[in-house]
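Read through the structure below, which is laid out as structure tokens, and then see the notes.
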Amino acid sequence: MVAFHQARLEWLTAMDMHVAVTVGCVAPPEDLFRHAVTDLETLPRGVRRCGPLPGVARAEILEGDALRTGVVRRVHLTDGSVLNEGIVEIAAPSSMSYRQLTPYRFPLSLLAKSARGRYTFTPTGSGTRMTWEATIQLTSPLAYPLMACVRGLFLRRMMTGFLECVRDDVVRAQSNRDGSTAS
């Protein structure tokens, strides 16, 4: 009984919130990694506004011309805000990790301080399992209940939409390639 009550009250001390989504695809990890991680045009197409969460308007690399460990990716959001993300690690074609360097804009800044994220591309017998996971640092344990609603109603849907966009784009490109080589 004590463990049950502890689990129910755990949010009172939580300062981090985790979210992860996974989508399967018949394409190889190399194609999915290239499209999801290194093609900066994919973010605006795939990360769409969802409820109170802004989508991505555009993304750019601040230092150099290639996404690699140590560079900063600047993400312009559809609400006019800008987030800088430090690329922590790139291990092509299996993963990419990033951390948020700039704060969120109001009103999200009332709930969350920053985030860390990771994309992984795991080969399966029939293709690849793509996962996008993020850990959000909350401003206070009191933000947990509201942020849990945002996560459940909007954030998971937004993240899944991005992975589905990646999957659909890559499968469409493969289909076009296969159709053009068959002729």
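The values are calculated or read from the model by the stated rules, or taken from the named source; none is laboratory data. From a predicted model like this one, the values you see are computed outputs, not experimental measurements. FYI the Cβ positions are ideal-geometry reconstructions off the backbone, even for glycines, and counts take in every protein chain you see. Ligands, DNA and RNA are excluded from the accessible area calculation, which covers all protein heavy atoms including side chains. Shrake-Rupley method; radii C 1.70, N 1.55, O 1.52, S 1.80 Å.
Using a/c under 1.5 as the rounded threshold, could you call the range 1-157 rounded, prolate or oblate? The axes a ≥ b ≥ c are square roots of the C-alpha gyration tensor eigenvalues, and prolate needs a/b larger than b/c, oblate otherwise.
oblate
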- Task: Please turn the phi angles of the range 103-109 into ³J(HN,Hα) values with the Karplus equation 6.51 cos²θ - 1.76 cosθ + 1.60 (θ = phi - 60°), one per residue in order, whole Hz, x for glycine and proline.
- Result: x, 6, 8, 4, x, 4, 5
- Task: Could you please state how large a percent of the accessible area of the chain is carbon and sulfur, counting protein chains only and using a 1.4 Å probe?
- Result: 56
- Task: Tell me the label-point distance for the pair Ser140, Arg74, using the 7 Å Cα-to-Cβ offset, in nm and rounded to one decimal.
- Result: 3.3
- Task: For Glu89 paired with Glu41, estimate the spin-label separation in nm (one decimal), with each label point 7 Å from Cα along the Cα-to-Cβ line.
- Result: 3.1
- With Cα coordinates, the longest principal axis of the chain makes an angle with the long axis of helix 156-182, in degrees rounded to 10, of 0
- Hz values of 3J(HN,Hα) by residue in the range 53-61 - Karplus curve (6.51, -1.76, 1.60), Gly and Pro given as x: 8, x, x, 9, 8, 6, 9, 8, 9
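Over the range 105-179, with the other protein chains present, what is the accessible area per residue in square angstrom, probe 1.4 angstrom? If you can, show how the numbers build up before the last one.
Values: 3800 Å² over 75 residues.
Using a 1.4 Å probe on heavy atoms only, each residue of the range 105-179 averages 51 Å².
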